[in-house]
Structures are given as C-alpha cells and as structure tokens.
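Take a look at the structure below.
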Amino acid sequence: MYGNFDIMSKISVSLPEPGGRVSLSFEERSVWVQLISLLLVLGGYFIVAQQMVSRGVTELVVFAPVFAVAVVLMVVVTVAGHIVAALVSRPEGQDERDRLISWRAESQSGWLVATGVLAGITAMVFSVPTVWVAHLLLFSLFLSEILKLTLQLTYYRRGI
Amino acid sequence: MAVAIRNQIRVLRFHHGEMTQQQLAEQVGVTRQTINAIEAGKYSPSLEVAFLIALVFAKPLEEVFQFDGQLPGA
C-alpha cells in the first residue's frame, strides 16, 4: 500500500500487536462493579431469605426490612466501587460501542424477566404463597441482570 | 469474533507522527478502548465514526477500511 516493505516491517515492531489485551475503560469497570455488588449483596439477600423460609418465615412483610438493607448496601457498594473505578480510569462517558454492547446484552437477557413474570403469574393461578411469588419475580430480575452484565463483559473482551 | 472489515488505522497512526490511540479517540469522540477494539477487529464502527476516522487521516474511507465480504448468494 505504501510501497515500502521496510517501513511496514518497522511498524509491526514498533506498534502493539492487534488483539492484545485492552485496558478496561471506566464503563467496563462500571459493569464489573455492578456485577460484583449484585452478586455479593443481592446474592447474600437470597441466602438470608432462603434461611428465613427454611425457619418457617412465610410472611412477606418480614422480608421487607432485610430487602431494604440489601438495597441500601447495594447502593453503598456500587457508589464505593464507582469511586474506585473513577480513580483508576477517568470517566469518559458512554460512546457508541458502550451503548451497542449495553443494548445487545439487554436484548439477550430480557427473556429471563419475562419468563419469571410468566412463572409468577402461573404460580398465582395455583395459589402459591405470596412470599414465593415475590421471590420468584425478584430472582428472575436478579438472574436477568447477572446475564446482562456477564454478556456485556463478554462483548467488551471478545468483541461485538 | 470474525469480521470481514479490515482497517489500516495502526499504519495510518504511525504515518501521522505516531499518533496515539488516545489522540485519535479524542478527535473522533470515542474512548481509547473503542479505537483499540476497532484496530483489533473486535468492533466495526458506525459509518459516522468510520468517516470521522478517515477525516482525521485525510484519506478516503476505502483507504482506511476494507471490506472482504461477499454479497449473499454470490
């Protein structure tokens, strides 16, 4: 293309190899923060909720304060994680690649929420206790978010 | 991910005073990681970004990006 093979060989030496490791952008770090906080906090909530159910707690209102604590904790962990991420890499805002990755991951994970809602409605038809229906819906939302964030990280690493 | 679109961005950066990915990213309005992903063939940019990259290097689009694909059924 440039008619100088010698120059091309120098270029291949002086520039990094294509496909090499890409440092994480703020947006990618943000996805990691969301995934870790979701797994730690909401995952922890489901473990606690499971223990409560196994002890015979079936009133949904008893779970409300535990869930409220989990939500507050998740906000705290997420904010702290984003502060650390901002210190490591300067926030630049989303660009077209970030948006495309987010849209594609969302479109491929939404079916989990839809499945959860349908399962919840089916459970209500069969008079399944409210506590189970509520947690079924919450769990489907949790799984959907985990899938979405995992897909985002996959697209960031493997390409889109 | 296999892409049929190749590009000469790394070479063009070299010929433009060893322009860094960050400098190109700032001129085009994307992140450095997106320029890196384009160079590595992990992301095919929008037409707008492709034209902006060509504009930075003052080259026609086809000198920056090359398409190796074929028409369906060809």
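The values are calculated or read from the model by the stated rules, or taken from the named source; none is laboratory data. Everything numeric in this text was worked out from a predicted model, so none of it was measured. In this analysis, Cβ positions are derived from the backbone assuming ideal geometry, glycine residues included, and neighbour counts consider all displayed protein chains. With ligands, DNA and RNA removed, areas are computed over all heavy atoms of the protein, side chains included. Shrake-Rupley method; radii C 1.70, N 1.55, O 1.52, S 1.80 Å.
Once the gyration tensor of the Cα atoms in the stretch B:5-61 is diagonalised, the equivalent ellipsoid follows with semi-axes of 14, 13, 11 Å, ordered largest first. Could you do me a favour and compute the accessible area per residue for chain A, 1.4 Å probe, result in Å²? Ligands and nucleic acids excluded, the figure is 59 Å² per residue. Normalise the Debye intensity by I(0) for the protein assembly as shown, one equal point scatterer per Cα, no solvent, then take log10 at q = 0.12, 0.16 Å⁻¹ and round to two decimals. Here log10 of I(q) over I(0) equals -0.79, -1.12. Here A:Val69 and A:Ala123 are evaluated by their C-beta separation; at R0 = 30 Å the FRET efficiency comes out at 0.70. Comparing the full protein assembly with the isolated chain (1.4 Å probe, heavy atoms, ligands and nucleic acids excluded), the residues of the stretch A:93-127 losing at least 30 square angstrom of accessible area are A:Asp95, A:Glu96, A:Arg97. For B:Asn7, the residues whose modelled amide H falls within less than 5 Å of its own, excluding neighbours fewer than 5 places apart on the same chain, are B:Gln66.
Quarter the surface of the alpha carbon convex hull of the stretch A:24-158 and you get the mean projected area, 8.8 square nanometres. Local charge for A:Ser109 was computed over the other residues whose Cβ lies under 14 Å away, with Lys and Arg +1 and Asp and Glu -1, and equals 0.
Per-residue ellipticity at 222 nm computed for chain B from its helices equals -13500 deg cm²/dmol, with DSSP H segments shorter than 4 residues left out and the rest contributing -39,500 (n - 2.57).
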